[in-house]
Structures are given as C-alpha cells and as structure tokens.
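Written out below as structure tokens is the structure these notes cover.
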Amino acid sequence: MLQSHLSHFIRKEAPKDEEAYNAQILIRAGFIDKLMAGVYTFLPLGLRVLHHIECIVRDEMNALGAQEVLMPVLHPRENWQQTGRWDSLDVLFKVIARDKKEYALGPTHEEIVVPVAQRAIFSYKDLPMALYQIQTKFRDEARAKSGLLRGREFLMKDLYSFHTDEADLEMYYQRAIVAYTTIFKRLGLDALLVEASGGTFSKFSHEFQVQVASGEDRIVYCAVCQFAQNREINEAQDGDACPTCGKPLTVVAASEVGNIFQLKTKYSDPFKLQYTDHAGTSHAVIMGCYGIGISRLMGIIAELFHDEKGLLWPASVAPFQAHLLAIVPADEAQKKDILAKAQGVYDRLRAEGIEVLYDDREGISAGEKFAESDLIGIPVRLVVSAKTGERVEFKERAKPDASQVDFSFITQYFKA
C-alpha cells in the first residue's frame, strides 16, 4: 500500500483523556479513534491488525472442528428471561423499540445459540457439535477506562460446544485448551492457564492470562510447576508455599486474553435442549463455552510490545510485514532515481507476496518518516536513499542496528 494513499490519523501527542497506555499509543499511532468511553473506531491500520488476529483465531477454531456462524446482536427479552439473566446480569444493555418491546444487545450468546442448536440436535448421532462466531458484543461496564481492555462495545470470538455427556465435554475442553495455547503462541503471547471462578456462567472456569504490569487481575502463580489461580479464589501472598509443589508462590499482575467454561446443562435445561440415546431415551445436552476478546487482544499486545519510540508489533499481527521508506533528496535527478529504485523494490516485494507499506510521500523529512515508522511499529523497515546505492537498508524494529542488504536477503528473511 502507498502511504500517500493512507489517510493520516497519526497524532503528535497522546490524548489527554485516556488513562490506559494501550489507548494512548494506539490513538497516537493512528490505529484507533475514541468515540466515547469504552467505544472506539478501528482505523485502517488498526483494522488490519484485528483481521490478522481474527485469521489466527479462525484457523485454530476450524482446526478444532468448529463451524463458523454469525448470530444477531439484537436479542429478544424472552430468551434472556428464560435463563433468568434478564434481571440478574448487571452489564446487560437493554433497548426499547417503537412497539414498546424490550431487547438486549448481546454481551454473550448462550441465549441465542441454544435455540439455534435445537434446529440441528435430535439424537446422539448429531453430537458432538461446535459452533463459533466472531461478533460484536455490548456490555454496560461501570468503569470503561482501560482502553481496549474493558470496552462497552468490543469484538469477541465465542465458541459453544454440545455433547452427549460430561466425559465427551471434558475431552473437547482439553482440546480447546491446546487450541487456545496455540493461538496465543502464534500471537506472540506467553499465556498462563489460570483457575478462576465461573461468574454467571459456571462454578469454576479457566482463564488464559498474560503477565503485564498494567494488568487488571492479580494471579497467584508458581514459576516451578505452573500452578496458577486468580486472586478471586486464592488469597495467598508472595512467598506462601505452592499447594502443588511446595515452592514459593508469587502474586503477579496479569490481563485476561481468553476464558473457557464447562456449562454442562446450565443453558440447555432452560430451553429443554435434549437428544435421544441409542435406546430412544431423552437426555439434556451437555455444553461448554470458550471466549477470546479479539479487540482486547490488540490492546494487550500494545501494552506488552512497545518501547519509548512506539509500537513493536509481533510479525503475526502487524498491519504490514515491511515498511519501505524512500528518502528523497532535493536534487531532481537524484530524486527521480531514488523514487524509481524504491518503486522497483516495492513492486518486487508485492510480487513475492510480502505485505508492504511504502512511504512514497514527498515533502516529508527523513526524520519525520523514521519517527512515524517507529511509532507505527511495523517489524521491518527498508530504506532506499542516496546512501544505499543498489542495495536496501534493512532494520528490524526491535533491534538497534541497520545493515545494507541485497534484495535476495529480504526475500529469504520473509520466507524463513
């Protein structure tokens, strides 16, 4: 993509009304724009990051055998009354239509997916089944001051699995843990599997938490055996003995990147979601649910991967793989030559299938181009200038040194 065609949303300073670093840096670097507390527009660069996160999540959900659907955001009140959550779920946004009927804006989709599953589940032959979606969610958060980490409107992947019995649910649950672990590794995150309370969903659950200094949660953690529990169910202090291996525990700040629950019959019972076994006897369908905050992940990655100059996107989610800069001198003859060389590099990169943002802008100083490149945080910077001759300056964003290389080095780097 030509940077001269990319709308310029970059700011010289971070916004003063944001407390969270992820919102400050993402707004300043032109990835998101704040509409109001907890609600953001994803700008062209930010949307590319979201799409890359989505692709990784979708890959692993498909590999898990789940089928993608897209369910409505607008939910009838009756579905939520059937499970008792119309009055008990305090983050539920409620709206009244012109005909005076009441609706909910979906914070989660158990109340919708179970009636959908009833259309396909009749006997044991129809199970197991798993449906997932990547969909906008709405939650009336009391304190939406953490940028993308706690939004009132956000993008989420939610998966629902349906089983004949708890043993089958447990097998799928363990497979989901493996799939989630793979997702977070592909995103460049070292996520801990943490035991937690299940809140409105179940008695207990598991969270995937990433250690980050600004994290909203506190995790009791053993670095030796990987025992980890949320402070909501474990009040141990630093230095207390690990209940598993006896080594000292530490309490660390962390942010949740995913959660999974064994719902069992909590939502199948209210809707009478049942199947018949080999003998024709009816049983309640056993359920699990598995969530990942897509937009939240973008915020957490920004919290973790940055330096004093700007963002440091992992290659798997970066808006582009490479940022090509043409440093144009005042001399018209040299200028024409450098632009021609840079265009050639750009064309070759695209021919190799490398996603590249080409800063072809004229009238912008070299210093400003370099500063913006660092702020945006694309993993590799390539420079064509009077100094590079027939070669290209190559620099990884996370490393201090640059070197001049042949184009063959660049293609090999991206193939590795």
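Here is how the numbers come out for the structure above:
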| read-out | value |
| --- | --- |
| Members of region 370-397 that are touching a residue at least 40 places away in the same chain (Cβ under 8 Å), outside any helix (DSSP H, G or I) and closer than 17 Å to V356 by Cα | G377, I378, P379, V380, R381, L382, V383, V384, V392, R397 |
| Residue match in region 159-175 (condition: surrounded by 15 or more Cβ atoms within 10 Å (Cβ to Cβ), under 24 Å from L304 (Cβ atoms) and at pLDDT 95 or above) | no |
| Residue match in region 194-212 (condition: surrounded by 19 or more Cβ atoms within 10 Å (Cβ to Cβ) and part of a loop (DSSP other than H, G, I, E, B)) | yes |
| Residue within region 338-361 that is exposed (fewer than 13 other Cβ atoms within 10 Å of the Cβ), small (G, A, S) and closer than 27 Å to L187 by Cβ present | yes |
| Number of positions in region 234-245 that are closer than 29 Å to G299 by Cα and surrounded by fewer than 13 Cβ atoms within 10 Å (Cβ to Cβ) | 3 |
| Test: residue in region 66-87 that is assigned by TED's automatic domain parsing to the domain that holds T136, crowded, with 21+ Cβ neighbours inside 10 Å and either part of a loop (DSSP other than H, G, I, E, B) or without any contact (Cβ under 8 Å) to a residue 24 or more places away in the chain (or both) | yes |
| In region 246-292, residue surrounded by the most Cβ atoms within 10 Å (Cβ to Cβ) [restricted to those that are touching a Leu at 6+ places or on another chain (Cβ under 8 Å) and over 15 Å from E110 (Cα atoms)] | S255 |
| Whichever residue in region 1-30 is without any contact (Cβ under 8 Å) to a residue 40 or more places away in the chain, part of a loop (DSSP other than H, G, I, E, B) and closer than 30 Å to R350 by Cα and, among such residues, is nearest to the chain's Cα centre (by Cα) | F9 |
| Which numbered condition F305 fails, given (1) at pLDDT 95 or above; (2) of a type outside the set (D, E, K, R); (3) over 29 Å from F409 (Cα atoms) | (3) |
| Selection within region 265-301 - among the charged types (D, E, K, R) and either in contact with a Gly (Cβ under 8 Å, 6 or more places away or on another chain) or not assigned by TED's automatic domain parsing to the domain that holds A120 (or both) | R296 |
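Yes/no per residue for (1) crowded, with 18+ Cβ neighbours inside 10 Å; (2) under 23 Å from T41 (Cβ atoms):
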| site | (1), (2) |
| --- | --- |
| I96 | no, no |
| I121 | yes, no |
| D126 | no, no |
| I134 | yes, yes |
| F138 | yes, yes |
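Matching residues to (1) hydroxyl-bearing (S, T, Y); (2) outside any strand (DSSP E or B):
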| site | (1), (2) |
| --- | --- |
| S255 | yes, no |
| I260 | no, no |
| G288 | no, no |
| G291 | no, no |
| R296 | no, yes |
| G299 | no, yes |
| A302 | no, yes |
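Residues are listed down the side, and each one gets a yes or a no for (1) in a helix (DSSP H, G or I); (2) in the same structural domain as E372 (by TED's automatic domain parsing); (3) at pLDDT 95 or above; (4) within 17 Å of L155 (Cα to Cα):
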{"residue": "T41", "(1), (2), (3), (4)": "no, no, yes, yes"}
{"residue": "L47", "(1), (2), (3), (4)": "yes, no, yes, yes"}
{"residue": "I121", "(1), (2), (3), (4)": "no, no, yes, no"}
{"residue": "K125", "(1), (2), (3), (4)": "yes, no, yes, no"}
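The values are calculated or read from the model by the stated rules, or taken from the named source; none is laboratory data. These numbers come from a predicted model, not from an experiment. Heads up, the Cβs are rebuilt from the backbone with ideal geometry, glycines too, and the neighbour counts pull from every protein chain shown.
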